[in-house]
2 protein chains.
Amino acid sequence: MQAEIITIGDELLIGQVLDTNSAFIGRELNKIGVSVYQITSIQDDKSHILKAFSEAEKNADVIIITGGLGPTKDDITKKAIAEYFNDTLVRNLAVQENIEALWKLYVRQTLLQVNLDQAYVPSKAKVLMNTLGTAPGMWLEKGDKTFISLPGVPFEMRNLIVKEVVPKLKGKYETPFILHKTLLIYGLGESTLANRIEAWEDQLPSHIKLAYLPGIGKMRLRVSSKGFDEQKVIDDVQRQIDNVMPLIEKEFVGFEDEGQTMEAFIGKKLSGLNLSLAVAESCTGGKLAERFTSNSGASGYFKGCIVSYSTESKINVLGVSKDIIDKYSVVSGQVAEAMAMQTIKKFNSDYAIATTGNAGPTKGEANAEVGTVFIALATKQGVISEEFMFGQPRERVVNKAISKALEMLQKEILKN
Amino acid sequence: MQAEIITIGDELLIGQVLDTNSAFIGRELNKIGVSVYQITSIQDDKSHILKAFSEAEKNADVIIITGGLGPTKDDITKKAIAEYFNDTLVRNLAVQENIEALWKLYVRQTLLQVNLDQAYVPSKAKVLMNTLGTAPGMWLEKGDKTFISLPGVPFEMRNLIVKEVVPKLKGKYETPFILHKTLLIYGLGESTLANRIEAWEDQLPSHIKLAYLPGIGKMRLRVSSKGFDEQKVIDDVQRQIDNVMPLIEKEFVGFEDEGQTMEAFIGKKLSGLNLSLAVAESCTGGKLAERFTSNSGASGYFKGCIVSYSTESKINVLGVSKDIIDKYSVVSGQVAEAMAMQTIKKFNSDYAIATTGNAGPTKGEANAEVGTVFIALATKQGVISEEFMFGQPRERVVNKAISKALEMLQKEILKN
């Protein structure tokens, strides 16, 4: 079972909009044993769309198309589908009722002809009702191939994938079981890791696939397999993981769930232990807090954060002593530690993390080398800090600082 | 001049890693007048890579390939290139020296054979020296077609695109001038906008392209053209914009720079006026602060933020009166206003924005309807708040809240 994803829209090709739809669809298809053979992003151009359809039909069983279903003239996916299927567009009354209902509920203005026209669909299409928007999803079959057209608006597309597409695909195709296990490893570079596990890698049977995914401050090692016998797939992967484990024992920190992030992992641990966290951020500017709060349930363990972006606010809001700042400078281990201590006190939390540094591109008030970051971790017992040099660019400094802060916190929490 | 981007890596197809490289490359190519015809993401599979090369060669003049250049066994792009060009891999001494130097500087462990092997490149390739990593970029020519292979690590790839690829492409090809002007429009839905400007749209000459880009709480309308006569392209686009402007006068808020975000726009305005901002966040959890601080220069106007995620921290850290919370509940206009007032005071800023709400998926302490958000804006003169219902899912509530907060702030700042 292979799928191809075709995302349509000029904005993708000029880089104005990031294609996040494909990754979501890839994950959801994988869960039900459908491999994605290729992702193709193309312009709103009918002849190119038709060419992409015909190429995809050769390679894949299921073709999922997103985008180009809006009410405006640049949206031509529906016309291309009608032409490809040698079909005509007909008014679908259920879709029209959905559009009218949505309009009444959310827009409360006169319903326009262009919106009513969204109720036209190819006569051969089965409609996948989009309860969150006016562009209907469509399901078309050509022999044993299935074409699925979805709106490009991410939350509408995601809702249709989960509620309509996945259940229907599971009903139509017998799909294999796909398993990915991803090992999170800290403190080893890609090549050192590869060297260490080379003998193990060489003996892997061909149905076990291995991938190295380097990240900032960490490696992810993904072991995958698929097959129709679910238990055998699980056992095969587990056996290989058991074999590699002794080689990476010291650096292995855990498995990454389906897209699980380190902050979600930490959050679950904190919830389970009934412990809490607060954060003080300078150079990371709120991103560490955002990482935690983007997980639902964060209010159970995340007490809050102070982004003290100016020196003034480190003193007046966070309560760091001016003497410490004057003596050691605002980018220093002492200030990071004072920030963490003030935070654990103010928020009455069990842990506090603090960052201060210079993310660049230019030297700030403190005159610290661009890329320098101090991270402090406070517990009820005391406080520690570490100094890092993350170079440039700015974005990388912030991401590395967050990664290191999470690593320090995770190590501390795992002591429980 | 057409380009195709081929991104290689299983992690892209299973949705484990988001392809951000293509959007960056698309933007950079567009700036020098190269249109991206297609983006193709494929697995680390040699026969598929070869097929993608041959397809791309038919459609595009320039083929940019990222990924699959790592030191590990799953990285096979270089072998595929050698096979496609009927070539062999030879050791490149300059690359080897670069690897050794990087190793000495950053890794300080024994240099491994797998890393030394990264110095092997196809003999027909011109090396694009990657000063930030061990995988070299490569430039190969086949008749008038150019194949460029780059590492998949985003900051290495970006550095090579800017420093090597773009200058070399400008030297080799005579490229047209491409112009995109994007109009930011608030308060009009896609179809209402389309209806309003229909007559204008219908008269557009064929070399002017129009796109509607719907976003949360806003529309972007992109007008594009290209040609070898730069001044004519600029004049043509400007004339059409002048014609449409009277139709959208009330809702037009400004032009979007090359990827300019609303927070960058606000930041520039604040800097120019020498005014400052602080933020208090509950349901948006630090994301509003992160949006501002992700722009370099933010320290000039962004004083800081308090993420008061728990009710306790709204009282103890932010200093909102317990009486107000008890009387109106933590998700209320009164609490949002108190948060904003405390923030403007604590940070001594000119503006303060505060958010409180329930992002879901479940009801929180305050028992407010899931999706309810209150946003307050404080100035030196006073404070206002607005209530919103953003529905679900959680991520959408947060994004809509941020978008609305930025909109309120922008309106206020534009009064200056």
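What to note about this one:
- One residue stands out in segment B:184-242 among those that are among the β-branched types (Val, Ile, Thr) and touching a residue at least 60 places away in the same chain (Cβ under 8 Å): the one that is farthest from residue A:11 (Cα to Cα), namely B:241.
- Given (1) at the interface with another protein chain (Cβ under 10 Å from one of its Cβ atoms); (2) within 25 Å of residue B:293 (Cα to Cα), number of the condition residue A:262 does not satisfy: (1)
- Some residue of segment B:264-286 being touching a Ser or Thr at 6+ places or on another chain (Cβ under 8 Å), part of a helix (DSSP H, G or I) and touching a residue at least 60 places away in the same chain (Cβ under 8 Å): yes
- Only residues that are hydrophobic (A, V, I, L, M, F, W, C), within 19 Å of the chain's Cα centre (by Cα) and surrounded by fewer than 18 Cβ atoms within 10 Å (Cβ to Cβ) were counted across segment A:395-416, and they come to 0.
- First in segment B:47-61 and more than 19 Å from residue A:49 (Cα to Cα), second anywhere and of a type outside the set (Phe, Trp, Tyr) and surrounded by fewer than 16 Cβ atoms within 10 Å (Cβ to Cβ), Cβ under 8 Å, 6 or more apart: B:61/B:2; B:61/B:144; B:61/B:145
- Filtered by the rule that a residue be closer than 13 Å to residue B:248 by Cβ and either part of a helix (DSSP H, G or I) or within 12 Å of another protein chain (Cβ to nearest Cβ) (or both), segment B:211-223 gives B:212, B:219, B:220, B:221, B:223.
- Inside segment A:210-245, residues that are surrounded by fewer than 19 Cβ atoms within 10 Å (Cβ to Cβ) and within 22 Å of the chain's Cα centre (by Cα) make up a count of 5.
- Looking only at residues in segment B:354-394 that are within 20 Å of residue B:310 (Cβ to Cβ) and of a type in the set (Lys, Arg), the one that is surrounded by the most Cβ atoms within 10 Å (Cβ to Cβ) is B:394.
- Strands (runs of 3 or more DSSP E) contained entirely in segment B:1-107, each with at least 1 residues that are within 14 Å of chain A (Cβ to nearest Cβ) and not β-branched (Val, Ile, Thr): B:2-8, B:35-42
- Considering (1) small (Gly, Ala, Ser); (2) within 22 Å of residue A:36 (Cβ to Cβ); (3) at the interface with another protein chain (Cβ under 10 Å from one of its Cβ atoms), the lone condition that residue A:227 does not fulfil carries the number (3).
- When the criteria are applied in full, residue B:40 fails the requirement of being surrounded by fewer than 20 Cβ atoms within 10 Å (Cβ to Cβ), within 28 Å of residue B:174 (Cα to Cα) and either without any contact (Cβ under 8 Å) to a residue 60 or more places away in the chain or not aliphatic (A, V, I, L, M) (or both).
- Taking every residue in segment A:387-416 that is under 21 Å from residue A:184 (Cα atoms) and pairing it with any residue that is part of a helix (DSSP H, G or I) and acidic (Asp, Glu), at least 6 positions away or on another chain, the pairs with Cβ-Cβ distances below 8 Å are A:406/A:263.
Condition check ((1) surrounded by 24 or more Cβ atoms within 10 Å (Cβ to Cβ); (2) at pLDDT 95 or above; (3) within 21 Å of residue A:312 (Cβ to Cβ)) across all residues:
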| site | (1), (2), (3) |
| --- | --- |
| B:275 | no, yes, yes |
| B:299 | no, no, yes |
| B:306 | yes, yes, yes |
| B:340 | yes, yes, yes |
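- Restricting attention to segment A:117-162, the residues that are under 14 Å from residue A:67 (Cβ atoms), acidic (Asp, Glu) and at pLDDT 95 or above total 0.
- Any hit, segment B:239-257, residues being within 12 Å of chain A (Cβ to nearest Cβ), out of contact with any Gly (no Cβ under 8 Å at 6 or more places or on another chain), over 22 Å from residue A:72 (Cβ atoms) and assigned to a loop (DSSP other than H, G, I, E, B): yes
- The sole residue among B:101, B:60 that is surrounded by 22 or more Cβ atoms within 10 Å (Cβ to Cβ), of a type in the set (A, V, I, L, M, F, W, C) and closer than 23 Å to residue B:164 by Cα is B:60.
- Taking segment A:85-111 as the range and being in contact with a Phe, Trp or Tyr (Cβ under 6 Å, 6 or more places away or on another chain) and modelled with pLDDT of 90 or more as the test, the residues that pass are A:89, A:91.
- Identity of the residue in segment B:280-298, more than 7 Å from chain A (Cβ to nearest Cβ) and among the charged types (D, E, K, R), that ends up farthest from residue B:406 (Cα to Cα): B:281
- Elements of type helices (runs of 4 or more DSSP H) contained in segment A:290-386, each with 3 or more residues being in contact (Cβ under 8 Å) with a residue 12 or more places away in the chain: A:333-347
- Against the list (1) crowded, with 16+ Cβ neighbours inside 10 Å; (2) within 12 Å of chain A (Cβ to nearest Cβ), the condition residue B:187 fails is (1).
- Unmet criterion (only one of (1) under 23 Å from residue A:12 (Cα atoms); (2) surrounded by fewer than 21 Cβ atoms within 10 Å (Cβ to Cβ); (3) of a type outside the set (Val, Ile, Thr)) for residue B:82: (1)
- Here segment A:138-184 is the region considered, the condition is being crowded, with 20+ Cβ neighbours inside 10 Å and among the small types (Gly, Ala, Ser), and the residue that is farthest from the chain's Cα centre (by Cα) is A:149.
- Test: residue in segment B:184-200 that is part of a strand (DSSP E or B) and farther than 30 Å from residue A:106 by Cα: no
- Test result for residue B:191, polar (S, T, N, Q), over 18 Å from residue B:62 (Cβ atoms) and touching an Asp or Glu at 6+ places or on another chain (Cβ under 9 Å): no
The values are calculated or read from the model by the stated rules, or taken from the named source; none is laboratory data. The structure displayed is predicted, hence computed values, not measured ones. Positions of Cβ are generated from backbone atoms using ideal geometry, with glycine treated the same way; all protein chains shown enter the neighbour counts.
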